[in-house]
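First comes the structure, then the notes that go with it.
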Amino acid sequence: MPTSYKTPGVYLVEKDAFPGSVVEVATAIPAFIGYTEKAEYNGKDLTNKPFRITSFAEYLNIFGGAPSIRFTYGAVANAAPASENTDEESEGSSEAKSEGGKAGLTAKTMYRLYDSMRIFFQNGGAACYICSVGGYDKEIDKDVLLKGITPFVKEQEPTIMLVPDAVSLKDASECASVQNELLKHCNDMQNRFAILDVFDGYKEPLECINAFREGVTSFLKYGAAYYPWIHTNIVSPNEVSFANIDPADDAYAKLALDLAQSVVPTLKTLDDDVSNLSKREAELVSFFKKLSKFDAAQDDPTDLHNTLKVVCPKYAAMMNNMSEMLNLMAPSAAMAGIYTRVDNNEGVWKAPANVGVNAVVSPAVNLTNDEQEDLNVPLNGKAVNAIRYFVGDGIKVWGARTLDGNSLDWRYVNVRRTMIMLEESIKQASKAYVFDANTATTWLTMKNMIANFLNGIWKRGGLAGTSPDDAYEVHVGLGDTMTPEDILEGILRVTVKVALIRPAEFIELTFQQQQQKS
């Protein structure tokens, strides 16, 4: 506006009537760290460089496809099909499926990021960040995974942090070191939350929960853990064959002999003369000979695999067990998708619990109420949220606590994440007033800006209270939040108080009889 007018005429002066606005930041932008087939975009290497994607198709294009999980093969002569389990075998079936005890198979390096992305998108996932730390030719290494966390210091958008491959490390202590670093990163950034998996979470609670709690030690309010692992249907039976077995040490020849002896009891070796065998037995032996000479680098296993599934029950059972091992997954990626789904449908202030988990067949451990008591309310406060099956209701997330369960401030996941959203939104909006005059005009503008934002959150059900005065307070000004010394030093202090929503975790219904009145 000109300071003086020298030419006669009419001049227009526009004056802003409203304060600036606060834009609500995104609340469910997960960041996944792990191993991928490749990491390349437009000819540029993306290793250890976070990259934002919005779909699984985009992931496939940039980071490649599934790993070819290899299994070491042992004798399967005594292996029983899954349907023939005894009661004792059923109790330990999760461990057997994971470690291959039932089928003579032991999974080698388990790269989990690819399947984690699949279950993430099936549970409502949308935009996310991927940081590839290496290819499938590398062993999963703690130090390499830790290096994948560092680049996210420069990324402001991610709000959830996950390292699915951490549970594939050698032991619980290595997994805990990665998880502690992830929690530290969230505490330093103050704008994100970590979802953790329990190492060996397919085992009974006391076998793995205590080790997890002992390993995770600090910055507990910035993370939550879920137990048990889940049996999924992410990996279809068509994705596995004998080609997934490591061919080292003549594994195919050993497998062929074991399978042949289960179908043709009179056969001693694959080199025996088959002239005395029946025509059907001779055909079977020819299949096993092809298997023993199979070259994984050159031959296509499809036809032979399909034939063996039909003619050899033991082979079909072994393939089913292999598929079950690959489908046993830690739940963090599914929970990241659920966080996104709940945030988009109801808001970050809704606890991500009492919701179904998609693409899941069953929990690896079927928990009871008594078993969940120590998970949910332990003496040390390190709560682990349960995933449970309820008859007629399906598989549900049955917990909403952070690892800091003894804190009345940060006990619940939705409280911590709602506060992160409010803090980050107001912080970003307040940057517009850096270096403005530290006077009543600026104070009033900022107060109105923040109050308008909180009023909108309250109207949407994000804050508790029957009126705005009950839901939030914004204080700023000399004698209220600042002293004359603060103003001389260039400090503008704003205090915001909010009444956050806590879930009704325990609902008590009281019944009593009364006398008949008519």
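The values are calculated or read from the model by the stated rules, or taken from the named source; none is laboratory data. What you see is a predicted model, and the numbers here were worked out from it, not measured in a lab. Heads up, the Cβs are rebuilt from the backbone with ideal geometry, glycines too, and the neighbour counts pull from every protein chain shown. Quick note on the areas: whole protein, heavy atoms, side chains included, nothing else; ligands and nucleic acids left out. Shrake-Rupley method; radii C 1.70, N 1.55, O 1.52, S 1.80 Å.
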For this session: Calculate for the chain the 222 nm mean residue ellipticity that helices alone would give, adding -39,500 (n - 2.57) per DSSP H run of length 4 or more and normalising by residue count, nearest 500 deg cm²/dmol.
Result: -11000 deg cm²/dmol
Exercise. Normalised by the residues of segment 426-487, what does the relative contact order come to in percent, with Cα pairs under 8 Å and at least six apart?
Worked result: 29 percent
Exercise. For segment 461-475, what does the Karplus curve 6.51 cos²θ - 1.76 cosθ + 1.60, with θ = phi - 60°, yield as ³J(HN,Hα) per residue in whole Hz, taken in order and with x for Gly and Pro?
Worked result: x, x, 10, 8, x, 7, 9, x, 5, 7, 8, 7, 9, 10, 10
Seminar exercise, completed: Scoring segment 412-518 by relative contact order with C-alpha pairs under 8 Å, at least six apart, yields a percentage of 26 percent
For this session: Between V310 and K289, take the C-beta separation as r, use R0 = 22 Å, and let me know the FRET efficiency to the nearest 0.05.
Result: 0.80
For this session: Rank-order 282-293, 343-354, 319-330, 10-21 by packing density, defined as the average count of other C-beta atoms within 10 Å over each peptide's residues, highest first.
Result: 319-330, 343-354, 282-293, 10-21
For this session: Using a cut-off of under 17 Å, list every residue of segment 144-166 whose amide N is near the label point 7 Å from the Cα of D45 along the Cα-to-beta-carbon line.
Result: 144-145, 147-148, 151
Exercise. For segment 367-410, list residues with backbone N below 14 Å from a point placed 7 Å from the Cα of A464 toward its Cβ?
Worked result: 408-410
For this session: Return the distance in nm (one decimal) between the two label points of a simple spin-label model at E473 and Q156, each offset 7 Å from Cα along Cα→Cβ.
Result: 3.0 nm
Exercise. Could the peptides 211-224, 495-508, 451-464 be put in order, highest first, of the mean number of other beta-carbon atoms found within 10 Å of their residues?
Worked result: 211-224, 451-464, 495-508
For this session: With an 8 Å cut-off on Cα pairs and a minimum separation of 6 or more residues, tell me the relative contact order of the chain in percent.
Result: 18 percent
For this session: Report the FRET efficiency, 1/(1 + (r/R0)^6), for D303 and D137, where r is their Cβ-Cβ distance and R0 is 22 Å, rounded to 0.05.
Result: 0.20
For this session: Answer rounded, prolate or oblate for segment 316-392, using the Cα gyration tensor with square roots of eigenvalues a ≥ b ≥ c: rounded when a/c is under 1.5, else prolate when a/b is larger than b/c, else oblate.
Result: oblate
Exercise. Calculated FRET efficiency, K517 and S407, Cβ-Cβ r, R0 30 Å, to nearest 0.05?
Worked result: 0.05
Exercise. By the gyration tensor of its Cα atoms, with a ≥ b ≥ c the square roots of the eigenvalues, what is the shape of the chain: rounded for a/c under 1.5, prolate for a/b over b/c, or oblate?
Worked result: prolate
Exercise. Within the chain, which complete DSSP H helices have Cα atoms spanning at least 27 Å along the helix axis and a mean Kyte-Doolittle hydropathy of -1.0 or higher?
Worked result: 440-459
Exercise. Percent of accessible area on the chain owned by carbon and sulfur, 1.4 Å probe?
Worked result: 50 percent
Exercise. From the cross-link list K350/K497; K44/K138; K254/K396; K203/K293; K138/K221; K108/K289, which pairs have alpha carbons spaced over 31 Å apart?
Worked result: K254/K396; K203/K293; K138/K221
Exercise. Going by average Cβ neighbours within 10 Å, how do the peptides 410-418, 510-518 rank, with the highest at the top?
Worked result: 410-418, 510-518
Seminar exercise, completed: Cα-Cα pairs in segment 165-259 separated by more than 15 Å, as a whole percent of all pairs, come to 69 percent
Exercise. Which of the listed residues, P313, S425, P484, is farthest toward the dipole's positive end in the chain, when Lys, Arg count +1 and Asp, Glu count -1 at the beta-carbon?
Worked result: P484
Problem set entry | About the Cα centre, charge dipole magnitude for the chain (Lys/Arg +1, Asp/Glu -1 at Cβ), debye | 1420 debye
Exercise. Does segment 396-518 classify as rounded, prolate or oblate by the C-alpha gyration tensor (a ≥ b ≥ c root eigenvalues; a/c under 1.5 gives rounded; else a/b over b/c gives prolate, otherwise oblate)?
Worked result: prolate
For this session: For segment 409-518, report the accessible area per residue in Å² (1.4 Å probe, heavy atoms, rounded to an integer).
Result: 64 Å²
For this session: Could you please report the charge total around P378, scoring K, R as +1 and D, E as -1 over all other residues with beta-carbon less than 13 angstrom from its beta-carbon?
Result: -1
Exercise. In the chain, what % of DSSP beta bridges are antiparallel (nearest 5)?
Worked result: 60 percent
Problem set entry | Simple label model, 7 Å out from Cα along Cβ direction - V23 to Q428, nm | 0.6 nm
